[in-house]
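As structure tokens, the structure follows; a few thoughts come after it.
The values are calculated or read from the model by the stated rules, or taken from the named source; none is laboratory data. None of the values given here were measured: they were computed from a predicted structure. Note: ideal-geometry Cβ built from the backbone for every residue, glycine included; neighbour counts use all protein chains shown. Areas reflect the complete protein model, heavy atoms only, side chains present, ligands, DNA and RNA absent. Shrake-Rupley method; radii C 1.70, N 1.55, O 1.52, S 1.80 Å.
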Amino acid sequence: MNDTARASSLPTISVVTAARNMEALVGETIRSVVYQKQPGDQYVFIDGASSDGTVDIAKSFGDAIDVLISEPDAGQYHAIAKGFDTATGDILSWINADDILMPWTFSVVREVFDRFPDVHWITGSPSFLADNSQLTRTEAKLPAYPRDFIANGWFRPKLGGFLQQESMFWRRSLWDRVGGLDLSLKLAADFELWTRFAVHADLIPVNIPLAAFRERPGLQRSSTDKDQYDTEVARVCSTKQSPRKLWGWMANHSGVSLNIARLMISARQSAISFNFRTREWDMITRRRSLSRLTLGELTDLWYLRPTSDKK
């Protein structure tokens, strides 16, 4: 197969962004997507009738944005669902208007899904940005993501930790199979989506960052509306199996015992790493803990936290 035929056979990628009044940051998000698109890839931008310069910034990228809609909507998830209704790619993802994709993301995602046809859902190493766009940390340790843990909603802050939405990529067939987002949820629809994905497919970690989450405490809904988010998560989990009592006790006792529990709980699972001998992405299966951090990294993070958070 020649290079042209090979390129045309690779999976295409559709990424959706939903935005409203994000002019200060949205340009960086858009650039992180459009500068790595290849023929057949698609970027869908859904604006919720912004009153600032968000739409003008999006329009300045011209045809690099394949679908641009600006109109009132019923919230972020409604806009994302609208975007996926227009998606044409074999692989799907969404990136929020203050987060970014890494420059190599499309290339790696495309190659991984092409090389491993039985992989339906992947995530990268969780990574974080400051307001000034500096990358502040990456959790590079490959963890276990047991399917039953995700399906039961055990990957939440007080148990297994967040599943980072901005790093998720999945096959269209998986999205179609579960029926998309639950639009009755306003803050935890991604959390609920992962529980349904996990019924049908393993979440496979890739040991590099694919995206970065911009931490803006006090400005993002994830912090300002935390109580509502927790209420929605509790609603999603109300009909699911509860974790073992010891894990629940350790998780609620202290941050130290929570992190010890994550280090102690393990499962045998596959992960994708770059093989430096063959120069290809490779699948490695072994027992891994739930923790994304080593004991030394946890100690360093604890030292760097504000004193008030350590009490």
Original post:
So LEU295 clears everything in (1) modelled with pLDDT of 85 or more; (2) open to solvent by 20 Å² or more (accessible area, probe 1.4 Å) except one condition, right? Which one?
Top reply: (1)
Subject >> Close pairs from the range 133-152: first crowded, with 17+ Cβ neighbours inside 10 Å, partner among the aromatic types (Phe, Trp, Tyr), Cβ under 6 Å, at least 6 apart >> reply: ARG137/PHE128; ILE150/TRP194
Original post:
Can you list the helices (runs of 4 or more DSSP H) found entirely within the range 1-92 that contain at least 1 residues being loosely packed, with under 14 Cβ neighbours inside 10 Å and not aromatic (Phe, Trp, Tyr)?
Top reply: 3-9, 54-59, 76-85
**OP:** Please tell me if THR86 is in contact with a Pro (Cβ under 6 Å, 6 or more places away or on another chain) and under 23 Å from ALA189 (Cα atoms).
**Re:** no
Original post:
Among (1) open to solvent by 30 Å² or more (accessible area, probe 1.4 Å); (2) part of a loop (DSSP other than H, G, I, E, B); (3) touching a residue at least 40 places away in the same chain (Cβ under 8 Å), where does GLY180 come up short?
Top reply: (1)
**OP:** Go through the range 90-118 and count every residue that is more than 15 Å from ILE13 (Cα to Cα) and of a type in the set (A, V, I, L, M).
**Re:** 2
Original post:
What pairs come up if the first residue lies in the range 246-262 and is within 12 Å of PRO157 (Cα to Cα), the second is modelled with pLDDT under 75, and their beta carbons are under 7 Å apart, counting only those six or more places apart or on different chains?
Top reply: LEU258/MET250; LEU258/ALA251; ASN259/LEU298
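Results for (1) assigned to a helix (DSSP H, G or I); (2) among the basic types (Lys, Arg); (3) at pLDDT below 95, shown as yes or no for each residue.
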position: LEU246; (1), (2), (3): yes, no, yes
position: TRP249; (1), (2), (3): yes, no, yes
position: ASN252; (1), (2), (3): yes, no, yes
position: VAL256; (1), (2), (3): yes, no, yes
position: ALA261; (1), (2), (3): yes, no, yes
position: ALA267; (1), (2), (3): no, no, yes
position: ALA271; (1), (2), (3): no, no, no
position: ASP282; (1), (2), (3): no, no, no
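If only one of LEU210, LEU203 is modelled with pLDDT of 90 or more and under 18 Å from PRO157 (Cβ atoms), which one is it?
After applying the criteria, what remains is LEU203.
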**OP:** Scan the range 156-167 and give yes if some residue there is of a type in the set (D, E, K, R) and modelled with pLDDT under 95, otherwise no.
**Re:** yes
Subject >> Output for the range 183-221, where each listed residue is part of a helix (DSSP H, G or I) and over 12 Å from the mean Cα position of the chain (by Cα) >> reply: ALA189, GLU192, THR195, ARG196, PHE197, ALA198, VAL199, HIS200, ARG221
Original post:
Looking at (1) under 30 Å from SER273 (Cβ atoms); (2) open to solvent by less than 30 Å² (accessible area, probe 1.4 Å), which is the only condition ARG115 fails?
Top reply: (2)
